[in-house]
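Colleague: My questions all concern the structure below.
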Amino acid sequence: MVFVRSLIFLLLQLVWIPVYATLALFTFWLKPHTRYRIISGLAYSMMWLLRVVCDIRMEVRGKENIPQEACIVLCKHQSAWETFALQTVFPPQVWVLKRELLLLPFFGWGLALTSPIAINRSKGKQAMKQLLTQGKQRLNDKFCVVIFPEGTRMPYGKRGKYKLGGALLGESSGAPVVPVAHNAGRHWGRNAFLKYPGTITMSIGKPIDTLGLKADEINRQAEEWIEAEMERMK
């Protein structure tokens, strides 16, 4: 049954994403926030399909911790699930992502219209400068900035090295940093075809006040909270 449900979900994705992304291209003339609200409808539809087809639901803890002002979201990265789920929980947001994703047919084209911070990871200092400059611009434009500090999807139960990019943006901008943990990998693993029914928990921590803190301390606090929360979810 899991195989059949997963196959149906995949087939619906293959049909629906190109259709929605093609329609999203016609939003290019709209203001960024209006464009985002329309394009993020894809995330809501994907979460609905996951619930109806795969019986995967979501429980959100700590939603009251989301600040009123634009913030930096440092989130655990385990599967494609959080790329949809975060859009249905947090205010309008942009992602820090690798530039190559924008070249993907349909999905990448639509993604390009959401004002992402698309970096070339091989550029090192240049990529970091871009993150800080564009990150502050997006925060000033009232967008949250979503960063996966481990840089890539990690298998459930594994821990990657937390990179400093998001913390440096917090230090330089003064924007609050919100840590987010979840156990999506238990139901939808990294690059996995099978999607197992159940409830995925997303836990949102209290914002870290970055004023007066160095990036190392911001990163340490975020990592400690996320990984401790991951242990509590087991």
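Read the figures in this text as sums done on the coordinates, not as results from a lab. Note that this is a predicted model, so its numbers are computed, not measured. We place every Cβ from the backbone using ideal geometry, glycine too, and count neighbours over all the protein chains shown.
Colleague: Mind checking which of Gly160, Met128, Leu11 is farthest towards the positive end of the range 2-233's charge dipole, using Cβ charges of +1 (Lys, Arg) and -1 (Asp, Glu) about the Cα centre?
Modeller: Leu11
Colleague: Here's something else I'd like to know. Tally Lys and Arg at +1 and Asp and Glu at -1 over the other residues with C-beta under 12 Å from the C-beta of Gly160: what net charge comes out?
Modeller: Surrounding charge for Gly160 is +4.
Colleague: With unit charges on the beta carbons (Lys and Arg positive, Asp and Glu negative) and the dipole taken about the Cα centre of the chain, which residue among Gln221, Thr114, Asn65 sits farthest to the positive side?
Modeller: The residue sitting farthest along the positive end of the dipole is Thr114.
Colleague: Moving on. Please report, in whole Å, how far the alpha carbons of the range 22-79 spread along each principal axis, starting with the longest.
Modeller: Largest to smallest, the principal-axis extents are 36, 34, 19 Å.
Colleague: Which loop GluC sites (Glu not before Pro) in the range 153-233, with loop taken from DSSP, have no more than 16 other Cβ atoms within 10 angstrom of their Cβ?
Modeller: none
Colleague: So if I take the centroid of the Cα atoms in the range 112-136 and the same for the range 146-162, what is the distance between those two points in Å?
Modeller: 19 Å
Colleague: Over the range 2-233, how many percent of alpha carbon pairs lie in each 5 Å bin up to the one with the longest distance?
Modeller: Calculated P(r), rounded to whole percents: 1, 7, 14, 19, 20, 18, 13, 6, 2, 0, 0.
Colleague: Kindly provide the GluC sites (Glu not before Pro) of the range 69-129 that DSSP labels as loop, not H, G, I, E or B, and whose Cβ sees at most 12 other Cβ atoms within 10 Å.
Modeller: Numbers: sites: Glu69, Glu82, Glu100; in loops: Glu69.
Loop-located and lightly packed - Glu69.
Colleague: Quick check for me: using +1 on Lys/Arg Cβ and -1 on Asp/Glu Cβ, what's the dipole size of the chain about its Cα centre, in debye to the nearest 20? Let's see the in-between values first.
Modeller: Details: 31 positive and 17 negative charges, 103 e Å.
Value, rounded to 20: 500 debye.
Colleague: In which sequence would Val96, Val2 go, from the one with the fewest C-beta neighbours within 10 Å to the one with the most?
Modeller: Val2, Val96
Colleague: Next question, about the same structure. Can you compute the modelled spin-label distance between Leu164 and Lys129, with each label point 7 Å from Cα toward Cβ, in nm?
Modeller: Going from the Leu164 label point to the Lys129 one covers 1.7 nm.
Colleague: At 7 Å along the Cα-to-beta-carbon direction for both Leu194 and Asp55, put a label point, then send me their distance in nm to one decimal.
Modeller: 1.5 nm
Colleague: Cα-Cα over 22 Å: which of Lys163/Lys195; Lys63/Lys142; Lys31/Lys136; Lys76/Lys195?
Modeller: Numbers: Lys163/Lys195 29 Å; Lys63/Lys142 19 Å; Lys31/Lys136 18 Å; Lys76/Lys195 19 Å.
Violating the 22 Å Cα-Cα cut-off are Lys163/Lys195.
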